[in-house]
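**Q** Quick one: structure below, then a few questions.
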Amino acid sequence: MQVENSPNEIETIAVLGAGTMGHGIAQVAAMAGYRVILHDTDRGALARAVEMIERNLDRAIQLGKLTDEERDLTLQRIRGTLRLEETRHAELFIEAVPERLELKQQLLRQVEQIATRPFIFATNTSSLSISEIARAARCAERVIGMHFFNPVHIMRLVEIVVGDETSEETVAAIRRISQRMRKEAIIVRDVPGFASSRLGVALGLEAMRMLEEGVASARDIDLAMELGYNHPMGPLKLSDLIGLDVRLNIAEYLYRKLGSETFRPPEILRRLVAEGKLGKKTGEGFYRWEAEAQTKG
């Protein structure tokens, strides 16, 4: 399918959502030389995003991976805004808002109303259907999945998810952008959970069931995968890092869509989420993160 009036060269990227994933995407885009407009409706979220980006860049300088000049140039390329209208000149929009189909579709419609030039709309969803999101678009051929991994500035993978109407030109453009961001891109068909979430959630949920059954402790289950299979992080610790509420939402979605018992959320996951123990962001999940930080300190 040919794209009419498709963007020729991407120079400005609007990142919609300044949370954990959004600020990371903004950072790698700015480091790759793009002008970045980081949008959020929460002033505090924008301030925290800038602080996190500065902290990541300072850490990179300490490790000898970045110069002071590169840090300054990266920060100069990022501009935060509370007004969506200020993103209107971007050629690429990457949304990183919560995993709710209606919210992503609404945002897509808003972008279409304000955009002043042809653009690509990339969603960072980890499980929702790209084709369903694109149903809200006038130009569905320019809607695509661009699934980053946390922490974005460290993890090398980008999962490019191709919707039913996504054009070859759009796929090629996102592949080039991913390469410029120094990411390794894989191309995945739009099926529930794509490749990464489907495999990762299946492993994580099985680890939770093993913990529930008393097979081993959380630490030992994680060490089995870290030392036995060379995973950089065990499935329970990774679930804590992602957020147990996020993992539960994805599991419920995959269970509804695929009907497989593999994705039925274990009771231990439901209980922790109900108790507000969502992982690292609340200080407790399968691990006590505050206690761990104090021990390391």
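**Q** In region 287-296, is there at least one residue being open to solvent by 40 Å² or more (accessible area, probe 1.4 Å), in a helix (DSSP H, G or I) and closer than 21 Å to P98 by Cα?
**A** Checked against the condition, which is being open to solvent by 40 Å² or more (accessible area, probe 1.4 Å), in a helix (DSSP H, G or I) and closer than 21 Å to P98 by Cα, region 287-296 yields no hits at all.
**Q** Looking only at region 247-261, count how many residues are without any contact (Cβ under 8 Å) to a residue 60 or more places away in the chain and of a type outside the set (G, A, S).
**A** Filtering region 247-261 for residues without any contact (Cβ under 8 Å) to a residue 60 or more places away in the chain gives 247-248, 251-252, 255-256, 259-261.
Among the residues that remain, those that are also of a type outside the set (G, A, S) are: 247-248, 252, 255-256, 261.
Qualifying residue count, region 247-261: 6.
**Q** May I ask you to say which residue of T170, T166 is assigned by the TED database to the domain that holds L101, more than 16 Å from the chain's Cα centre (by Cα), farther than 11 Å from I130 by Cα and crowded, with 16+ Cβ neighbours inside 10 Å?
**A** Residue meeting the stated conditions: T170.
**Q** Exactly one of these conditions fails for A14: (1) within 21 Å of the chain's Cα centre (by Cα); (2) modelled with pLDDT of 95 or more; (3) in a helix (DSSP H, G or I). Give me its number.
**A** (3)
**Q** Which residues, counting only those in region 28-54, are within 19 Å of the chain's Cα centre (by Cα) and of a type in the set (K, R)?
**A** R48
**Q** Right, here's the next one. Which fully enclosed helices (runs of 4 or more DSSP H) of region 48-157 have 2 or more residues being crowded, with 21+ Cβ neighbours inside 10 Å and at pLDDT 95 or above? Let's see the steps before the verdict.
**A** Working: elements: 68-76, 101-114, 130-134.
Where helices (runs of 4 or more DSSP H) fall fully within region 48-157 and carry at least 2 residues being crowded, with 21+ Cβ neighbours inside 10 Å and at pLDDT 95 or above, they are 101-114, 130-134.
**Q** Confirm whether S178 is modelled with pLDDT of 95 or more, surrounded by fewer than 24 Cβ atoms within 10 Å (Cβ to Cβ) and among the polar types (S, T, N, Q).
**A** Yes.
The values are calculated or read from the model by the stated rules, or taken from the named source; none is laboratory data. Just so it is clear, the model here is predicted, and its values are computed rather than measured. So basically every Cβ, Gly included, is an ideal-geometry build from the backbone, and we count neighbours across all protein chains shown. Each accessible area value is taken on the protein alone, full model and side chains, heavy atoms only, with ligands, DNA and RNA left out. Shrake-Rupley method; radii C 1.70, N 1.55, O 1.52, S 1.80 Å.
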